Amino acid sequence: AIERTFSIIKPDATRRNLTGAINAIFEKNGLAIVAQKRIWMSRAHAKKFYEVHAERPFYNDLVDFMVSGPVVVQVLEGENAVAKNRELMGATNPANAAEGTIRKLFAESIEANSVHGSDSVENAAIEIAYFFAGYEIVG
Ligand code: CMP
């Protein structure tokens, strides 16, 4: 089915001018960028976005990292977009990511891993609504 997923190009990637290279991978693989903006997240926004990880030992460092520079937030649309994007991203830890995946190609570490992608259609809808108004998404 045609789905939408939420994506973030993280500060380690924007810092290295990788936005276009990452977008080319999405577009080449059938994911259309139907919404996109470059923002600098506030600490409050980042903390809330990653609230599910609040009890994890990496939470505070993760929030610090996500507010360390600009990010590009996006809505990607296409056939099986949620799973397709996760396949293109590769494993969370770049050491475990498959050849050719975004994280294998570009990630610096398990934290500075270049991209975020929703893990389900349900979470995608929640995450999209957290960053975009309906009129900003143009399919
Ligand atoms: P993301 O898909 O955005 O979801 C949570 C983020 O926490 C993850 O990508 C990483 O950037 C970061 N992170 C840092 N350390 C860990 C860890 N040990 N396990 C999982 N995620 C981690």
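Candidates ILE39, ILE25, ILE9, ILE33: the one that is more than 10 Å from the ligand (Cβ to nearest atom), touching a residue at least 24 places away in the same chain (Cβ under 8 Å) and closer than 17 Å to ASN93 by Cα is ILE9. Taking every residue in region 66-95 that is within 15 Å of ILE22 (Cβ to Cβ) and within 13 Å of the ligand (Cβ to nearest atom) and pairing it with any residue that is in a strand (DSSP E or B) and of a type in the set (A, V, I, L, M, F, W, C), at least 6 positions away or on another chain, the pairs with Cβ-Cβ distances below 6 Å are VAL71/ILE8; VAL73/ILE8; ASN85/LEU76; MET89/VAL115. If you go through region 91-122 and keep only what is touching a helix residue (DSSP H, G or I) at 6+ places or on another chain (Cβ under 9 Å), assigned to a helix (DSSP H, G or I) and either within 19 Å of MET66 (Cα to Cα) or acidic (Asp, Glu) (or both), you end up with PRO94, ILE102, ARG103, PHE106.
State whether the residues of region 48-61 include one that is among the hydroxyl-bearing types (Ser, Thr, Tyr) and within 17 Å of ASN123 (Cα to Cα). Yes: one or more hits. LEU88 meets all of the listed conditions (1) under 13 Å from the mean Cα position of the chain (by Cα); (2) in a strand (DSSP E or B) but one, namely (2). Comparison of LEU105, LEU76, LEU88 shows that the only residue that is surrounded by 16 or more Cβ atoms within 10 Å (Cβ to Cβ), hydrophobic (A, V, I, L, M, F, W, C) and farther than 13 Å from SER7 by Cα is LEU105.
Hey, any hits in region 104-119 for a residue that's under 12 Å from the mean Cα position of the chain (by Cα) and more than 13 Å from the ligand (Cβ to nearest atom)? No, region 104-119 contains no residue that is under 12 Å from the mean Cα position of the chain (by Cα) and more than 13 Å from the ligand (Cβ to nearest atom). Evaluate the following for LYS48: is it buried (at least 18 other Cβ atoms within 10 Å of the Cβ) and part of a helix (DSSP H, G or I)? Here the answer is no, as LYS48 does not meet what is asked. Would you confirm, using the coordinates I've provided, whether VAL75 is assigned to a strand (DSSP E or B) and under 18 Å from ILE126 (Cα atoms)? For VAL75, the condition - assigned to a strand (DSSP E or B) and under 18 Å from ILE126 (Cα atoms) - is met.
The numbers here are math on the coordinates, done by the rules we state, and not lab data. Everything quoted here is computed from the prediction, not taken from an experiment. Heads up, the Cβs are rebuilt from the backbone with ideal geometry, glycines too, and the neighbour counts pull from every protein chain shown.
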